[in-house]
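Take a look at the structure below.
The values are calculated or read from the model by the stated rules, or taken from the named source; none is laboratory data. Small disclaimer: the values here were computed from a predicted structure and weren't measured. Neighbour counts are summed over all protein chains in view; Cβ atoms, including those assigned to glycine, are modelled from backbone coordinates with ideal geometry. When the accessible area is computed, the model is the full protein with side chains, heavy atoms only, and any ligands, DNA or RNA have been set aside. Shrake-Rupley method; radii C 1.70, N 1.55, O 1.52, S 1.80 Å.
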Amino acid sequence: MTTRREFLQTTAVSVLAATSVQCTHVSKVNANPGAGKAARTGVVQTVLGPIDASKLGFTLTHEHVGSGSEKIFSSRANSVADAVDRLKEARDAGIRTIVDLSTFDTGRDIRYREEISRKSGMQIVAATGQHVYAAESYNARTLEEITESFIKEIEQGIDGTDIKAGVIKVAARSDVMTPTEDKVFKAAARASKATGIAIETHTLARRRAGEKQAEVLEAEGVSPDRVSFGHSDDTDDMNYLIGLARRGYTLGMDHTFWGMAPGAMLPWQKRADCITKLIEAGYIGRMFLSNDWVHGDVERETVNPDGMLFTIRKTIPYLKQNHVSDQSIRAMTVENPRRFFGRLA
Ligand SMILES: [Zn+2]
C-alpha cells in the first residue's frame, strides 16, 4: 500500500515531469492560439505583488482558499494554519498558482490571503467582481459606479490595502440575466478593457448560459480570448462547448469533482471525456482545469476529499488513460493560464 506521502511524491514527480516538457512542435490538432506568435506573457498581480506571467507555472484557475470557514475552525489562526497546510500540500504536488475567485461579497478577508500565500509559498491571484448572487447594493449603483469599483481594486488595491486584483469574476445565475447581472457584466467588460485584466465567469452550462454572457460581453467590445466561462464541464453538450471554444472563449473545466457526488447526472469520467473530445477537436488552447474547492466547505470536502488536488489525482491520470499527452496537460495547466492572466502593459 502506498502511503499518502509516497503518493504525493510520486504525483509531484510526474506532474513536474509533465510540466517541464518543452513544446517543440505543434501537432495537427493543436489549435493552441499562442502557437506561432510570440508567447503572450505580461505581468500578473498576486496578493504578494506583481510577477511575470511566465512565473505562474501550474495554475488552478478557479478555487476559493478561504475563509467562509468560521463554522469549522475555532479561530482565524486555526483557519490560517489549515489553509497553509493544504496549500503546502498542493505546492508539493506541483501546483504553483491558485486563482482565488472569492469576491468582496463572499466576506473575503484579503489580508488572510496575503498571510497564507506568504506562509505556504503558494502564489495566489485575487479577484475583483461579484459572486453568484449579485450584491444588493449593485441594484442601486450605476454601471459607471460598479465599473469604477472594479477598476479601483485592480489599480489601487482591495479594502484600503495595496493588494490588487489580478482577475475579474462575475456571475449570472441562469441563461437569462437579471438587470443587475447585465449591469455587472457590462461593468466587468469595461473594467477589463480599461485595465487589460481577464474575466472569469460563473455559468449555468446546462442552460448554455455562456452564449448569453458572450453576447453581453461582445457588445461591449471584449475580445473572446480575455474571457473564460466557468463550470463549463457541467454539461456534455459538445455543440455548446465547441461553439464557444471555436469563437475563442476559454472553457473552465472546474467542476469535474461534482461528478463524484452520489447520483451525479454527469460522472466525473464523462466530464473528463468531454475534455478529451475538445482536445481531439483541436481546442487544447481553450481549456483550464480546476476544482472550485472552497476551504472549509464541508459538503464539498465530503464529495471530494482530494480538494484542490482532484485535478492531479483524478482528472490528469484519467486524461492520460485517454491518451492525452503530457504536452496537452501542460498546455491546459501552464501555457493557457500564462497567456490568459498576463496583463499587457
Ligand atoms: Zn467558485
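Counting DSSP beta bridges with both partners in the chain, what percentage is antiparallel, nearest 5?
Bridges in the chain that DSSP calls antiparallel: roughly 15 percent.
With 30 Å as the limit, write out which pairs from Lys55/Lys119; Lys193/Lys270; Lys119/Lys314; Lys169/Lys270 have Cα-Cα distances beyond it, or answer none.
Correct reply: Lys193/Lys270.
Can you compute the charge dipole magnitude of the chain about its Cα centre, using +1 on each Lys and Arg Cβ and -1 on each Asp and Glu Cβ, nothing else charged? Give it in debye, rounded to the nearest 20.
900
Let me check I've understood the local charge: for Gln130, count other residues with C-beta under 9 angstrom from its C-beta, Lys and Arg +1, Asp and Glu -1. What total comes out?
-1
Is there a quick way to get the dipole size of segment 105-174? I mean about its Cα centre, with the Cβ of Lys and Arg at +1 and of Asp and Glu at -1; what is the value in debye to the nearest 20?
Once rounded to the nearest 20, the dipole reads 340 debye.
Could you give the accessible area per residue of the chain, probe 1.4 Å, as a whole number in Å²?
41
Quick check: net charge around Gly160, other residues with Cβ under 12 Å of its Cβ, Lys/Arg +1 and Asp/Glu -1?
-1
Can you list residues from other chains, or at least 5 along the same chain, whose modelled amide H is less than 5 Å from the amide H of Ala198?
Ile168
On a C-alpha basis, how far is the centre of segment 59-128 from the centre of segment 255-270 in Å? Whole number, if you could?
25
Exactly which trypsin sites (Lys or Arg not before Pro) in segment 109-199 are in a DSSP loop and have at most 16 other Cβ atoms within 10 Å?
For trypsin sites (Lys or Arg not before Pro) across segment 109-199 that sit outside H, G, I, E and B with at most 16 neighbouring Cβ atoms in 10 Å, the list reads Arg173.
Would you please name the chymotrypsin sites (Phe, Trp or Tyr not before Pro) within segment 62-158 that are DSSP coil residues with at most 16 other C-beta atoms within 10 Å of their C-beta?
Tyr133
Could you identify which residue out of Gly263, Gly282, Gly66 has the top mean-square fluctuation in a GNM of the chain using Cα springs shorter than 10 Å?
Between Gly263, Gly282, Gly66, it is Gly263 that shows the largest mean-square fluctuation.
What does the charge add up to near Arg108, with Lys and Arg as +1, Asp and Glu as -1, over the other residues with Cβ less than 9 Å from its Cβ?
-3
Connecting C-alpha atoms closer than 10 Å in a GNM of the chain, tell me which of Asn322, Asn239, Asn304 has the biggest fluctuation.
Asn239
Using a Gaussian network model of the chain with C-alpha springs under 10 Å, which one of Glu220, Glu335, Glu200 is most mobile by mean-square fluctuation?
Glu220
Where the accessible area of the chain is counted over protein heavy atoms with a 1.4 Å probe, how much of it, in %, is carbon and sulfur?
Its accessible area is 51 percent carbon and sulfur atoms.
Please state the relative contact order of segment 53-124 as a whole percent: Cα pairs under 8 Å, 6+ residues apart?
That works out to 45 percent.
Considering the chain, what Rg and Dmax in Å follow from its alpha-carbon atoms?
18.7, 60
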